[in-house]
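*Asks:* Have a look at this one.
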Amino acid sequence: MPDRTHVTIHPPLARGGRPVTVHAHGVDERLGVASGVDDVVEFLRRIGLEDGAELIAGEDPRITWIGGGPTEWA
């Protein structure tokens, strides 16, 4: 994943889940709606971050949580 790639986990939706987007090469792409941390880890794996679980647990500057961190899903 290039250094300028950034992943945003958006606030929880009223119907549940959190949208996840990646910004790379000047383009935003929606990866999907995560229903939990495992989904976020899978989205990160799909974009080339095999160490997604470690990134979520730490404070990686390439990942931004809006509306709460990894424990906020409702």
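*Asks:* Quick check on Ala53: is it of a type outside the set (Val, Ile, Thr) and not in a loop (DSSP other than H, G, I, E, B)?
*Replies:* Criteria met by Ala53.
*Asks:* If you don't mind, another one. Collect the residues in the range 11-30 that are touching a residue at least 24 places away in the same chain (Cβ under 8 Å) and not in a loop (DSSP other than H, G, I, E, B), keeping them in residue-number order.
*Replies:* Arg18, Val22
*Asks:* Hey, could you check the range 56-74 for residues that are among the β-branched types (Val, Ile, Thr) and part of a loop (DSSP other than H, G, I, E, B) and say which is farthest from Ile9 (Cα to Cα)?
*Replies:* Top of the filtered list is Thr71.
*Asks:* Also, I was wondering about something else. Consider the range 43-74. How many of its residues are under 17 Å from Gly16 (Cβ atoms), open to solvent by 40 Å² or more (accessible area, probe 1.4 Å) and of a type outside the set (Ser, Thr, Tyr)?
*Replies:* Qualifying residue count for the region: 7.
*Asks:* Then there is this: Pick from Val33, Val20, Val7: which is open to solvent by 30 Å² or more (accessible area, probe 1.4 Å), among the β-branched types (Val, Ile, Thr) and touching a strand residue (DSSP E or B) at 6+ places or on another chain (Cβ under 8 Å)?
*Replies:* Unique residue meeting the criteria: Val33.
*Asks:* What pairs come out if I take residues in the range 52-67 that are β-branched (Val, Ile, Thr) and pair them with residues that are part of a loop (DSSP other than H, G, I, E, B) and open to solvent by less than 60 Å² (accessible area, probe 1.4 Å) whose C-beta lies under 7 Å away, six or more apart or interchain?
*Replies:* Ile56/Pro70; Ile66/His10; Ile66/Pro11
The values are calculated or read from the model by the stated rules, or taken from the named source; none is laboratory data. None of the values given here were measured: they were computed from a predicted structure. Glycine gets a Cβ as well: all are built from the backbone with ideal geometry, and neighbour counts include every protein chain shown. Ligands, DNA and RNA are stripped out before the accessible areas are found, and what is left, the full protein with its side chains, is counted by its heavy atoms. Shrake-Rupley method; radii C 1.70, N 1.55, O 1.52, S 1.80 Å.
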